[in-house]
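The values are calculated or read from the model by the stated rules, or taken from the named source; none is laboratory data. Fair warning: this is a prediction, and the values are worked out from it, not measured in the lab. Note: ideal-geometry Cβ built from the backbone for every residue, glycine included; neighbour counts use all protein chains shown. Note: accessible area is taken over every heavy atom of the protein model, side chains too, but ligands, DNA and RNA are not part of it. Shrake-Rupley method; radii C 1.70, N 1.55, O 1.52, S 1.80 Å.
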Amino acid sequence: MKTLVLPPAKKSLVVASSILENGGLVAFPTETVYGLGADSFNVKAVAKVFKVKGRPSSNPLIVHVKDLEMASELATFDDTSRHLAKIFWPGPLTLILPLKKSSKIPDIVTANSGYIALRAPSNPIIQNLIELFGKPIVGPSANLSGKISSTSPNHVLSDFNGTIDAIIDGEDCPMGLESTILMCDPTKIRILRLGVLTEKEISEKLSDLKIESCLEGESVPSPGSKFRHYSPETPIVINSHEKGKDEILIGFGETADAEFNLSEKGDLVEAAKNLYHVLREADWKAQSTNSTRIVVSPVPNSGLGLTINDRLERAARKD
Ligand code: TXA
Ligand code: MG
């Protein structure tokens, strides 16, 4: 299959929409990372997403909607979730909600869990595509399962050239890390995946509710959080400045002898935007120079740094 690279023009959205209508796959930009899109009501199309990513069927897919109105046709909103959606949509927030029985979402999307993950992205290209297509679009991150997410069209092509129908070129993703995944109950908000929306930003808007992290081992986890993830081919060591022979160093802030740097000025927003790009570049360099390890300098563990360290810690896992 030849993968079309579509410029972000109105005409391209018509082409992309018709590919989706025919059960094809289209990668699209969002403000966080690139997504791999398919018609969320089409079982065969969704099955292809699992297949090309190599994703286990136990790991459900986020569904991208235009807005709260489209979301309300798919899921039952509690008051807190509705409030959060009104504040943070469109944007990097994903809500886990009970799936409405009347929705046309097939079981394969939700891994038969009875819950659906919904997000209204703010990038105008994907917003306009959803509007034109007229239906919600599944959108897991556009990377091979367990590997590094994609924040530019080249990353997507390196993983899926020849296996998907098209990609819409929306240049580099401005945020560079995935959305924050939340699940609400009457007394608290649970963070199932750290993301670009920080706990501080959420608590500033909802000071009366407790926010807790439930990242693993809970009854309704975000299944994707269980796995080794975001991983280069080359073994990676984090929280270290010590580069040995045949090793590649990724710095943060002023770092002597670093081949790559997440942010020379030590800025967490810049580091978030650069993280996946730098990990992919360092991995390519390591593979082509037979380097044995990638070493990553410590990143401060607060605010966005918590999310960056979460991704680095998973990338460094052995299993
Ligand atoms: O920023 C993002 O969220 C990007 C862009 C493309 O929107 N998407 C993304 O999708 O990160 P993905 O598939 O890489 O991560 C989705 C996470 C996985 O950990 C998955 O287990 C969880 O969301 N998830 C999806 N549906 C779920 C559900 N019904 N219940 C619980 N967790 C769910
Ligand atoms: Mg992902």
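Scan the range 27-44 and tell me whether some residue there is assigned to a helix (DSSP H, G or I) and open to solvent by less than 30 Å² (accessible area, probe 1.4 Å). Break it down stepwise before answering.
Initially, the range 27-44 is screened for residues assigned to a helix (DSSP H, G or I), giving 43-44.
Okay, now just the ones that are also open to solvent by less than 30 Å² (accessible area, probe 1.4 Å), so none.
No, every residue in the range 27-44 fails to be assigned to a helix (DSSP H, G or I) and open to solvent by less than 30 Å² (accessible area, probe 1.4 Å).
Restricting to the range 94-109, what's the tally of residues that are away from ligand 2 (no atom under 16 Å from the Cβ) and not in a loop (DSSP other than H, G, I, E, B)? Before the answer, list the steps.
Here is the first cut: in the range 94-109, the residues away from ligand 2 (no atom under 16 Å from the Cβ) are 95, 97-108.
Now drop any that are not not in a loop (DSSP other than H, G, I, E, B), which leaves 95, 97-99, 107-108.
Here the count works out to 6.
Selection of the range 19-56 for residues being of a type in the set (Ser, Thr, Tyr) and away from ligand 2 (no atom under 15 Å from the Cβ) yields only Ser40.
Please enumerate the residues belonging to the range 45-65 that are open to solvent by 20 Å² or more (accessible area, probe 1.4 Å) and within 14 Å of ligand 1 (Cβ to nearest atom). Step through it out loud before you land on a result.
Here is the first cut: in the range 45-65, the residues open to solvent by 20 Å² or more (accessible area, probe 1.4 Å) are 47-48, 51-52, 54-58, 60, 62.
Answer for the range 45-65, where residues must be open to solvent by 20 Å² or more (accessible area, probe 1.4 Å) and within 14 Å of ligand 1 (Cβ to nearest atom): Val52, Gly54, Arg55, Pro56, Ser57, Ser58, Pro60, Ile62.
Being over 13 Å from the mean Cα position of the chain (by Cα) and free of Cβ contacts under 8 Å to residues at least 12 places away in the same chain holds for only one residue in Lys66, Lys51, Lys44, and it is Lys51.
Of all residues in the range 101-129, exactly one satisfies the criterion of being surrounded by 23 or more Cβ atoms within 10 Å (Cβ to Cβ) and away from ligand 1 (no atom under 12 Å from the Cβ), namely Leu129.
Name every residue in the range 283-319 that is of a type in the set (A, V, I, L, M, F, W, C) and under 20 Å from the mean Cα position of the chain (by Cα), in order of residue number.
Leu304, Leu306, Ile308, Leu312, Ala315, Ala316, listed by residue number.
Across the range 290-319, the number of residues qualifying as of a type in the set (Gly, Ala, Ser), crowded, with 21+ Cβ neighbours inside 10 Å and out of contact with any Ser or Thr (no Cβ under 8 Å at 6 or more places or on another chain) comes to 0.
Being outside any loop (DSSP other than H, G, I, E, B) and not charged (D, E, K, R) is the filter here, so list the residues in the range 45-70 that pass it. Don't jump to the end; show me each part of the working.
The first filter runs over the range 45-70 and keeps only residues outside any loop (DSSP other than H, G, I, E, B), leaving 45-53, 62-64, 68-70.
Across the range 45-70, the qualifying residues are Ala45, Val46, Ala47, Val49, Phe50, Val52, Ile62, Val63, His64, Leu68, Met70.
Would you check if there is a residue in the range 139-158 being on the phi > 0 side of the Ramachandran plot, in a loop (DSSP other than H, G, I, E, B), surrounded by fewer than 20 Cβ atoms within 10 Å (Cβ to Cβ) and modelled with pLDDT of 95 or more? If you could, list the steps in order and put the result at the bottom.
Narrowing the range 139-158 to residues on the phi > 0 side of the Ramachandran plot: 146.
Imposing the further condition that a residue be in a loop (DSSP other than H, G, I, E, B) reduces the set to 146.
Add one more test, that the residue is surrounded by fewer than 20 Cβ atoms within 10 Å (Cβ to Cβ), and what stays is 146.
Now drop any that are not modelled with pLDDT of 95 or more, which leaves none.
Scanning the range 139-158, I find no residue that is on the phi > 0 side of the Ramachandran plot, in a loop (DSSP other than H, G, I, E, B), surrounded by fewer than 20 Cβ atoms within 10 Å (Cβ to Cβ) and modelled with pLDDT of 95 or more, so the answer is no.
Does the range 79-92 contain any residue that is buried (at least 20 other Cβ atoms within 10 Å of the Cβ), within 16 Å of ligand 2 (Cβ to nearest atom) and of a type in the set (A, V, I, L, M)? No, the range 79-92 has no match at all. Against the conditions (1) within 20 Å of Gly24 (Cα to Cα); (2) outside any loop (DSSP other than H, G, I, E, B); (3) of a type in the set (A, V, I, L, M), Leu182 satisfies every one except (1).
Considering the range 199-216, and only residues there that are over 21 Å from Glu178 (Cα atoms) and open to solvent by 80 Å² or more (accessible area, probe 1.4 Å), the residue that is modelled with the lowest pLDDT turns out to be Ser207. The single condition among (1) out of contact with any Lys or Arg (no Cβ under 8 Å at 6 or more places or on another chain); (2) over 30 Å from Glu204 (Cα atoms); (3) more than 11 Å from ligand 1 (Cβ to nearest atom); (4) of a type outside the set (D, E, K, R) that Gly23 does not satisfy is (1). Could you grab me the full set of residues in the range 165-195 that are within 14 Å of ligand 1 (Cβ to nearest atom), surrounded by 20 or more Cβ atoms within 10 Å (Cβ to Cβ), in contact (Cβ under 8 Å) with a residue 60 or more places away in the chain and over 12 Å from the mean Cα position of the chain (by Cα)? Matches in the range 165-195: Ile167, Ile168, Gly170, Leu182, Met183, Cys184, Leu192.
As a summary of the residue check, Ala16 satisfies the conditions (1) within 16 Å of ligand 2 (Cβ to nearest atom); (2) buried (at least 22 other Cβ atoms within 10 Å of the Cβ) except for the one numbered (1). Summed over the range 219-237, residues that are open to solvent by less than 80 Å² (accessible area, probe 1.4 Å) and modelled with pLDDT under 80 total 8.
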